[in-house]
Amino acid sequence: MGRTVVELFYDVVSPYSWLGFEVLCRYQHIWNIDLRFRPAFLGGIMQATGNKPPAMLPKRAEYLLKDVKRMGKYYQVPVHISGDDFKRVLGTGTLEAMRFITAIDMTQPQYVESLSREFWLRFWSQREDISQPANILAAARQAGLSSELAQKILEMTSSSAVKNRLRETTEEAIKYGAFGMPAVVAHFKGEPHLFFGSDRLELLGSVIGEKWLGPVPSPKM
């Protein structure tokens with residue numbers, strides 16, 4: 001039996017996407033899946049679907065602060081969040097970072113996992129402005145790219161090819177029914193199955209016939 005293709009549509013602006021990303025990265029070595037990273041733009045999804053950032057509702061923002069902290073601890077992901085992060089997110093954004101990840105995906109896909117993780121660490125653990133070119137380049141070097149390659153990729157981000165790829169991936173997520181992130185699409189028995197949120201991965205396992213072992217499973221021996 002072939003591996004089940006599981007697509008993860010994500011944006012590093014989303015802390016819940018980071019949680020789902022890390023768990024799926026752990027399970028790609030345990031479940032019989034072909035995990036595919038699909039960097040997209042959350043702002044485009046929100047605009048197209050009429051969705052609003054959860055923090056715009058005061059009570060939901062209050063809950064979100066507690067929830068992300070609890071989830072980070074439970075999932076063993078070093079995400080840190082505070083009340084002023086909502087303004088920071090709206091003020092800086094991650095479009096430049098997502099274009100950079102998209103350019104990497106188009107040219108050096110072996111770095112997508114490590115680069116995405118590095119952007120999340122800088123944005124959600126260190127509160128760094130990852131819209132700045134110098135910080136993007138620093139993240140790329142930390143993820144394993146040479147300074148020369150990182151600069152070349154940065155120059156690509158303004159190209160129509162990269163912008164179009166990011167737009168197309170975002171539109172593809174919307175066609176699957178995504179209205180937020182993370183959006184996980186499992187292609188099982190000839191049909192796409194959409195799962196929204198980092199807390200639906202146990203259900204994903206159930207649908208594709210894989211055993212859920214918690215958010216931090218022991219790797220196969």
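The values are calculated or read from the model by the stated rules, or taken from the named source; none is laboratory data. Fair warning: this is a prediction, and the values are worked out from it, not measured in the lab. Note: ideal-geometry Cβ built from the backbone for every residue, glycine included; neighbour counts use all protein chains shown. In case anyone asks, the SASA skips ligands and DNA or RNA and just uses the protein heavy atoms, side chains included. Shrake-Rupley method; radii C 1.70, N 1.55, O 1.52, S 1.80 Å.
T4: surrounded by fewer than 16 Cβ atoms within 10 Å (Cβ to Cβ), under 23 Å from T170 (Cα atoms) and of a type in the set (S, T, N, Q), yes or no?
No.
Select, from L149, L137, the only residue that is aliphatic (A, V, I, L, M), open to solvent by 20 Å² or more (accessible area, probe 1.4 Å), at pLDDT 95 or above and under 24 Å from G91 (Cα atoms).
The match here is L137.
When you scan the stretch 41-71, how many residues do you find that are touching a Leu at 6+ places or on another chain (Cβ under 7 Å) and either crowded, with 17+ Cβ neighbours inside 10 Å or of a type in the set (K, R) (or both)?
3
Out of (1) in a loop (DSSP other than H, G, I, E, B); (2) modelled with pLDDT of 95 or more; (3) open to solvent by 10 Å² or more (accessible area, probe 1.4 Å), the odd one out for H29 is which?
Unmet condition: (2).
Mind checking which pairs have a first residue in the stretch 114-136 that is farther than 10 Å from A97 by Cβ and among the hydroxyl-bearing types (S, T, Y) and a second that is outside any helix (DSSP H, G or I) and open to solvent by 20 Å² or more (accessible area, probe 1.4 Å), Cβ under 7 Å, 6 or more apart or different chains?
Matching pairs, first to second residue: S114/G144; S125/P78; S125/H80.
Looking only at residues that are part of a loop (DSSP other than H, G, I, E, B) and under 19 Å from E22 (Cβ atoms) in the stretch 72-112, which one is most open to solvent (accessible area, probe 1.4 Å)?
This residue is Q76.
Could you pull out the residue among L65, L42, L19 that is over 18 Å from the mean Cα position of the chain (by Cα), farther than 16 Å from A186 by Cα and of a type in the set (A, V, I, L, M, F, W, C)?
The conditions single out L65.
Assuming F37 fulfils every condition listed in (1) in contact with an Asp or Glu (Cβ under 8 Å, 6 or more places away or on another chain); (2) of a type outside the set (V, I, T); (3) farther than 20 Å from A173 by Cβ; (4) open to solvent by 20 Å² or more (accessible area, probe 1.4 Å) apart from one, which condition is it?
Tallying (1) in contact with an Asp or Glu (Cβ under 8 Å, 6 or more places away or on another chain); (2) of a type outside the set (V, I, T); (3) farther than 20 Å from A173 by Cβ; (4) open to solvent by 20 Å² or more (accessible area, probe 1.4 Å), F37 fails exactly one: (3).
Give me the residue from the stretch 127-169 that is of a type in the set (S, T, Y) and in a helix (DSSP H, G or I) and, out of that set, farthest from V185 (Cα to Cα).
S147
Could you list, in sequence order, all residues of the stretch 48-66 that are on the phi < 0 side of the Ramachandran plot and either modelled with pLDDT of 95 or more or not in a helix (DSSP H, G or I) (or both)?
Within the stretch 48-66, A48, T49, N51, K52, P53, L57 qualify.
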